[in-house]
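Working notes, beginning with the structure itself.
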Amino acid sequence: MRSHDEAAAAKPAVPTNKVRVARIGAPHGVRGEMKLWPFTGDPAAVADYGALETEDGKRQFEIETMRAAKDHFVVRLVGVADRDAAEKLVNTDLFVPRERLPAIEEDDTYYHADLIGLAAVTPDGVALGHVTALHNFGAGDLIEIATPQGGEPLLLPFTDAIVPEIDIAAKKVVVVLPSVTE
């Protein structure tokens, strides 16, 4: 769909001045290497943004080496020297300050982080809730919408057919609910 770099913002509490660009995966070998899952339009661009940091900004990581693997990268981070140190970082999300990312110049293009918190409404203007996350579990992007009633959120395909309109200025997305047939 219409996105620029970040493909999966998972937490609604991401500070607006940071964008999640990667997640550390499992250790790879015994010398401190680990899997890295980038969330950037160009996966290799994750190495171009300088130091990556945790959401709270308390830890920073620099990529020392990076090589492509099947569907991820294998990286060595400066200061991570063995498997034990790599294991402590599994599932750590990595962010960069927004000002280090490329400027968005095209209309109808945005970072997924910009969608978090937007109101979700039907084409008729009926409130559905608000966007809490975008996910990609391997079969395409999904938009997560928390409903005012609470309970399980709506998880819908993030496609032009389901989300035909995104209006960042108006702070809303229009959602066409799929019809349910029995």
Scanning the stretch 118-157 residue by residue, those under 22 Å from Ala170 (Cα atoms) and not in a strand (DSSP E or B) turn out to be Leu118, Thr122, Pro123, Asp124, Gly125, Val126, Thr147, Pro148
So which residues in the stretch 158-182 are in a loop (DSSP other than H, G, I, E, B), among the aliphatic types (A, V, I, L, M) and out of contact with any Pro (no Cβ under 9 Å at 6 or more places or on another chain), if there are any at all? Ile168, Ala169, Ala170, Leu177, Val180
Do we have Val90 as surrounded by 12 or more Cβ atoms within 10 Å (Cβ to Cβ) and either part of a loop (DSSP other than H, G, I, E, B) or of a type in the set (S, T, N, Q) (or both) here? yes
Note down all Cβ pairs under 9 Å where the first residue falls in the stretch 147-162 and is in the same structural domain as Asn136 (by TED's automatic domain parsing) and under 17 Å from Ile116 (Cβ atoms), the second is of a type in the set (Asp, Glu) and surrounded by 13 or more Cβ atoms within 10 Å (Cβ to Cβ), and they're at least six residues apart or on different chains. Pro153/Glu144; Leu154/Glu144; Leu155/Glu144; Leu156/Glu144; Phe158/Asp141
Does Val75 satisfy the condition of being of a type in the set (A, V, I, L, M) and buried (at least 19 other Cβ atoms within 10 Å of the Cβ)? yes
What tally of residues in the stretch 47-92 results from selecting those that are hydrophobic (A, V, I, L, M, F, W, C) and in contact with an Asp or Glu (Cβ under 9 Å, 6 or more places away or on another chain)? 9
Residue check, Lys70 against (1) closer than 30 Å to Ala161 by Cα; (2) modelled with pLDDT under 90, all met but one. Which one? (1)
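The values are calculated or read from the model by the stated rules, or taken from the named source; none is laboratory data. From a predicted model like this one, the values you see are computed outputs, not experimental measurements. Quick reminder, even Gly has a Cβ in these numbers, built from the backbone with ideal geometry, and neighbours come from all protein chains shown.
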